[in-house]
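Note sheet for the following structure.
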C-alpha cells in the first residue's frame with residue numbers, strides 16, 4: 001500500500017491489512033473444508049503460511065486439509081515442518097491442539113525396535 005511512502009500510521013495500516021488477509025485466507029480455507037474441497041483449503045493455508053510462517057492456526061489448517069484429502073503423509077510432513085520451524089526459530093513446540101491432529105500417525109520406533117529385537121532373540125532360542 002502506497003509504495004515508497006513511509007510513516008508509523010502507514011506501517012500500522014499495512015500490518016492490519018496483512019492480518020485481515022491472513023484471517024480471510026484461514027476463513028476461506030475453513031469454508032473450502034466444509035464444502036469438501038481440501039485442495040483449495042490446502043492452497044489457502046499454504047498462502048497464509050507464506051505470509052506468516054509463525055501463525056500456528058495456518059499450519060493446523062494445512063494439516064487438516066491434508067487429512068481431509070486422505071493424505072496422511074502430507075499431513076505429517078506439514079506438522080514436522082511446523083515443529084522444526086518453531087523449535088529452531090522460537091525454541092518451542094507446537095501447541096497440543098496442533099500435535100493432536102497427527103499424534104496417532106507417529107510410531108515409537110524405539111519401542112518397536114525393542115519388541116523386534118526381543119522377538120528375534122526368542123525365535124533364536126527355540
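Where a number appears in this text, it was derived from the coordinates with a stated rule and is not lab data. These figures come from a predicted structure and were not determined experimentally. Please note: Cβ atoms are built from the backbone with ideal geometry, for glycine as well, and neighbour counts cover all protein chains shown.
Neighbour counts of other Cβ atoms within 10 Å put 55, 21 in the fewest-to-most order 21, 55.
Neighbour counting of Cβ atoms within 10 Å sorts the residues 88, 58, 69, fewest neighbours leading, into 88, 69, 58.
In nm, what is the difference between 0.36 nm times the number of residues separating residue 37 and residue 57 and their Cα-Cα distance?
Numbers: separation 20, 0.36 × 20 = 7.20 nm, distance 1.85 nm.
Taking 0.36 nm per residue and subtracting the Cα distance, the gain is 5.3 nm.
For the pair residue 47 and residue 97, label points projected 7 Å from Cα toward Cβ lie 2.3 nm apart.
Among 76-86, 90-100, how do they line up from the highest to the lowest mean number of other beta-carbon atoms within 10 Å? Intermediate values should be presented prior to the final figure.
Details: 76-86: 17.7, 90-100: 12.4.
Result, highest mean Cβ count within 10 Å first: 76-86, 90-100.
Mind running the shape call on region 1-85? Use the C-alpha gyration tensor, a ≥ b ≥ c as the square roots of the eigenvalues: rounded below 1.5 for a/c, prolate if a/b tops b/c, oblate otherwise. Judged from the Cα gyration tensor, region 1-85 comes out prolate (a/c at least 1.5, a/b above b/c). Taking 0.36 nm per residue of separation and subtracting the Cα-Cα distance, full extension of the segment from residue 88 to residue 12 would add 24.5 nm.
By the beta-carbon count within 10 Å of each Cβ, the least crowded to most crowded order of 12, 19, 30, 44, fewest first, is 12, 19, 30, 44.
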